[in-house]
Every structure is written in C-alpha cells, then in structure tokens.
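Enquirer: Dropping the structure in here first, questions after.
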Amino acid sequence: MQTYAHYFWTYVIFRKKRWGHEVAGFSMFPDMPYFMAYLATWGKIGSEGRESFREGILFLVANATHSATLLGIASLVFILLKKKTLYPLLIGWLVHQLGDHLLHVNDAYAMFWPLSAKRFPGFISYWEPAHYGREFFLINHMAMLIIFTVLVVFRLRNSYRLRKLNAGMDSR
C-alpha cells in the first residue's frame with residue numbers, strides 16, 4: 001500500500017482517539033527507508049528500480065521495519081518498561097504490517113525476519129497488474145476520496161451547527 005494510504009486508513013480507524021494522528025503518523029514508519037532512499041536519489045528510483053531495494057543496507061532496514069518478530073520484541077520491551085507513550089508507535093507499526101502483509105505478492109516481506117527468510121505472499125498486490133494491482137489502486141483511491149469527502153462534509157456541518165448554536169447563545 002502506498003505510504004500515504006497507510007496514514008489515511010490508520011487515521012480513519014483511529015481518528016476519534018486522543019492519539020489518532022500519532023498512530024497514523026507512525027503507520028508510515030516502516031516505509032521511511034524507502035522514502036529516504038527516494039529523496040536521496042531525487043526521485044530517480046521508480047517502479048523499475050524496485051529490484052535495487054532488494055539488496056544492501058536498505059534491504060536490511062526495510063526487512064527490520066516490516067518484521068513481526070521485531071515488532072513483537074519491541075512491544076514486549078515497551079510493555080515491560082511501561083512506556084505507554086510509545087504505544088501509538090506500536091499500534092501504527094502493527095496496522096502498517098497488517099496492510100503490507102496482505103497486499104504484497106511477489107515483493108512480500110519475510111514476516112519473521114531475522115529468524116526466517118520465509119515469505120508469505122498475499123493474494124492481491126497494491127501495485128502488480130498480474131495480481132489485481134490496477135483494480136486495487138482504483139478501488140482504494142476511490143474509497144479514500146469518498147471517505148475523505150464524507151469526513152470533510154461532516155466536519156463542516158458540525159462546525160456550522162456549532163457556530164449557529166454559539167450565535168444563538170450570544171444573542172440572549
């Protein structure tokens with residue numbers, strides 16, 4: 001899933017929570033190695049450069065950030081140390097992994113890295129045409145557009161009602 005889609009869907013799920021933005025922000029954390037590599041090359045790494053992500057330090061860091069094993073260890077450490085301020089990181093990281101492990105086929109991550117290099121491919125790819133990537137992209141982005149529009153309309157409507165209510169109180 002695209003990094004911005006991770007943020008969007010996580011925010012939609014957790015928007016009513018006090019730490020909704022933090023969880024949504026941390027849901028982008030596992031993709032930061034790719035984002036930083038993209039920025040470092042001034043955007044020259046495109047879809048044709050995906051194979052270059054399968055080697056070197058970037059590959060190790062990306063495997064680490066997409067590893068359920070390392071997420072589990074981090075969760076255990078934070079829970080034992082009672083670091084509740086880091087729970088949004090863990091939740092965002094988990095939501096990201098759930099999305100990625102379902103939506104990567106030929107580029108699936110080793111879920112239990114570094115203990116195992118075994119990959120468990122999903123059934124639908126967020127980008128590969130041979131695995132419904134175009135269809136998923138269209139459905140995902142249409143759903144995001146519709147939900148974004150609904151959220152904006154509700155926010156504007158509630159804001160209007162609140163202003164109207166406050167104006168009625170001021171006139172007394």
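The values are calculated or read from the model by the stated rules, or taken from the named source; none is laboratory data. Just so we're clear, the structure is a prediction, and the values are computed from it rather than from any experiment. Counting neighbours? That spans all protein chains shown, and the Cβs are built from the backbone with ideal geometry, glycine included.
Enquirer: Pairs needed: first member in segment 10-21, in a loop (DSSP other than H, G, I, E, B); second member anywhere, of a type outside the set (Val, Ile, Thr); C-beta distance under 9 Å; at least 6 residues apart or different chains.
Expert: Arg15/His21; Arg15/Ala24; Arg15/Leu151; Lys17/Pro88; Trp19/Tyr87; Trp19/Pro88
Enquirer: Which of the residues that make up segment 9-19 are surrounded by fewer than 20 Cβ atoms within 10 Å (Cβ to Cβ) and out of contact with any His (no Cβ under 9 Å at 6 or more places or on another chain)?
Expert: Of everything in segment 9-19, those that are surrounded by fewer than 20 Cβ atoms within 10 Å (Cβ to Cβ) and out of contact with any His (no Cβ under 9 Å at 6 or more places or on another chain) turn out to be Val12, Ile13, Lys16, Lys17, Arg18, Trp19.
Enquirer: Moving to a separate point now. Hey, could you check segment 111-162 for residues that are among the charged types (D, E, K, R) and part of a loop (DSSP other than H, G, I, E, B) and say which is surrounded by the fewest Cβ atoms within 10 Å (Cβ to Cβ)?
Expert: Within segment 111-162, the subset among the charged types (D, E, K, R) is 118-119, 128, 134-135, 155, 157, 161.
Adding the requirement that they be part of a loop (DSSP other than H, G, I, E, B) leaves 118, 128.
Numbers: Lys118: 10, Glu128: 17.
Per the stated criteria, the residue is Lys118.
Enquirer: Does Tyr38 satisfy the condition of being part of a helix (DSSP H, G or I), touching a Lys or Arg at 6+ places or on another chain (Cβ under 9 Å) and either surrounded by fewer than 20 Cβ atoms within 10 Å (Cβ to Cβ) or modelled with pLDDT under 90 (or both)? I'd like the intermediate steps shown before the answer.
Expert: Working: part of a helix (DSSP H, G or I): yes; touching a Lys or Arg at 6+ places or on another chain (Cβ under 9 Å): yes; either surrounded by fewer than 20 Cβ atoms within 10 Å (Cβ to Cβ) or modelled with pLDDT under 90 (or both): yes.
Judged against the criteria, Tyr38 is a match.
Enquirer: Continuing with this model, one more query. For segment 48-85, name all the residues that are modelled with pLDDT of 80 or more, part of a helix (DSSP H, G or I) and either among the small types (Gly, Ala, Ser) or closer than 20 Å to Trp19 by Cβ (or both).
Expert: Ala62, Ala64, Ala68, Leu71, Gly72, Ala74, Ser75, Val77, Phe78, Ile79, Lys84, Thr85
Enquirer: Taking segment 86-110 as the search range and keeping residues that are of a type in the set (Gly, Ala, Ser) and either more than 16 Å from the chain's Cα centre (by Cα) or assigned to a helix (DSSP H, G or I) (or both), which one is farthest from Trp9 (Cα to Cα)?
Expert: Of the residues in segment 86-110, the ones of a type in the set (Gly, Ala, Ser) are 92, 99, 108, 110.
Cutting the leftovers down to either more than 16 Å from the chain's Cα centre (by Cα) or assigned to a helix (DSSP H, G or I) (or both) gives us 92, 99, 110.
Values: Gly92: 11, Gly99: 10, Ala110: 23 Å.
Among residues in segment 86-110 that are of a type in the set (Gly, Ala, Ser) and either more than 16 Å from the chain's Cα centre (by Cα) or assigned to a helix (DSSP H, G or I) (or both), the one farthest from Trp9 (Cα to Cα) is Ala110.
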